[in-house]
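Asker: Got a structure for you, written out below as structure tokens; questions coming shortly.
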Amino acid sequence: MSPRSQTQAHALGAREVLPVDTPRSVLLDKVGNLLGSAAPTSAGAGIQRRFIAASAALGDLLDAAASDGHIPIAAINGSVEALNRAAEGGDLDAWLDLVWQHDDATYQHCLLVSGLVAAFAHRLGFGEADRRLITGAAVLHDIGKARIPLDILRKPGKLTAQERKIIWQHPQIGYDMLVAQGGFAPTVLAAVLSHHEYLDGSGYPQGLSGKQISDPVRVITICDIYAALIERRPYRAPMPPEEAYAILIGMESKLDLDLVRVFGEVIVAASTARLGRRVETRTAPTRRSGGVG
Ligand SMILES: [Fe+2]
Ligand SMILES: [Fe+2]
């Protein structure tokens, strides 16, 4: 950042000069603004800018969680803002297309779940404050995974029983991190701790059931399972949305089916957008047994 370096940079055509240790969120925000100003009239530019902002904020969150454990609140707020404005634009489909460009599975998953939750909350008619809260909870839901060894998280094949036990610690790890830092809303803490709980008591880590699981947690759990099913992995083909939705419907004792039905409208809307917003007739998904852990 010496005056000489900056002069040289500008002579080479630089439009922005930043110090080498600039936080990723600031760096990518600048890049996003440059992209946006290059194509101000493009319909996709807005969502792309929001996606860049959310994914940069997520990068800062995950880095912080993996190192000293202090979660930057500003990064969460930035990402929530980007997600909710994207959800208001109603273009979940365009968001998903951008998500698939991320090759890091944890980023892909967090951005996917958060995008789905933001769209779902919008569909459910949540007010602005509740949408902020639940989208923030979705951004943070798997923050405990930042402390799980990468060779387990990124293992391409089937996990051993021991590895599965380690992964199952992530809700408690995330919850403990947020409680230790302080200042997080009860909704956020509940989502981080309980997003793998099922209504029939078969989930983890506490085996909660029925009314012990709040509505925001139920919403996040539905999006989390659906996301895990449709995620893209180099070693397996992605599951088509209809098939993934049929699995949700089949998990009838575990999930809130009234919410699952509304969620169906969210993903049908996204699929319809993909098909050029043509009106299409869809048959109801078939019921089948099975589920995911
Ligand atoms: Fe999780
Ligand atoms: Fe998750």
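The values are calculated or read from the model by the stated rules, or taken from the named source; none is laboratory data. Predicted model, so just to flag it, every value in this text is computed and none were measured. Here the Cβ is made from the backbone with ideal geometry for all residues, glycine too, and neighbour counts use every protein chain on show. Side chains are part of the model used for accessible areas, which takes the heavy atoms of the whole protein and leaves out ligands, DNA and RNA. Shrake-Rupley method; radii C 1.70, N 1.55, O 1.52, S 1.80 Å.
Asker: What are the lysines whose alpha-carbon lies under 21 Å from the alpha-carbon of residue 158, with same-chain residues fewer than 8 places away excluded?
Answerer: 145
Asker: Going by a ≥ b ≥ c, the root eigenvalues of the Cα gyration tensor, does segment 24-274 fall in the rounded group (a/c under 1.5), the prolate group (a/b larger than b/c) or the oblate group?
Answerer: In terms of gyration-tensor shape, rounded.
Asker: Right, something else. Sequence neighbours fewer than 8 away in the same chain don't count; with that in mind, list the aspartates and glutamates whose C-alpha is under 14 Å from residue 254.
Answerer: Straight-distance partners of residue 254: 197, 200, 215, 224.
Asker: Something else about it: Could you rank 256, 200 by how accessible they are, 1.4 Å probe, largest area first?
Answerer: Order by accessible area, largest first: 200, 256.
Asker: On to the next question. Using only Cα atoms, tell me the angle between helix 241-250 and the longest principal axis of the chain; keep it within 0 to 90° and round to the nearest 10.
Answerer: 40
Asker: Oh, and also: To the nearest 20 debye, what charge dipole does segment 24-274 have about its Cα centre, counting +1 at the Cβ of each Lys and Arg and -1 at the Cβ of each Asp and Glu?
Answerer: 360
Asker: Please list, or write none, the aspartates and glutamates whose alpha carbon is within less than 18 Å of the alpha carbon of residue 155, excluding same-chain residues fewer than 8 places away.
Answerer: Those aspartates and glutamates meeting the cut-off are 103, 104, 142, 163, 231.
Asker: Calculate, in nm to one decimal, what residue 158 and residue 67 gain on full extension: separation in residues at 0.36 nm each, minus their alpha carbon distance.
Answerer: 30.0 nm
Asker: Considering only protein heavy atoms, what per residue accessible area in square angstrom results for the chain with a 1.4 angstrom probe?
Answerer: Solvent-accessible surface per residue comes out at 49 Å².
Asker: Here's a follow-up. Hey, any idea what % of segment 24-274's accessible area is carbon plus sulfur with a 1.4 Å probe?
Answerer: It is 56 percent, rounded to a whole number.
Asker: To continue, here is another question. How long is the gain from residue 14 to residue 180 if the chain were fully straight, where each residue apart is worth 0.36 nm and the alpha carbon distance is subtracted?
Answerer: Full extension of this stretch gives 55.5 nm more.
Asker: Against the longest principal axis of the chain, how steep is helix 105-123, in degrees 0 to 90 to the nearest 10, with axes from Cα atoms?
Answerer: 70
Asker: Moving on. Just read off the accessible area of residue 233 with the full protein assembly in place, 1.4 Å probe, to the nearest 10 Å².
Answerer: The accessible area of residue 233 comes to roughly 50 Å².
Asker: Related question: Using per-residue counts of other Cβ atoms within 10 Å, averaged over each peptide, order 132-141, 15-24, 93-102, 220-229 from highest down.
Answerer: 132-141, 220-229, 93-102, 15-24
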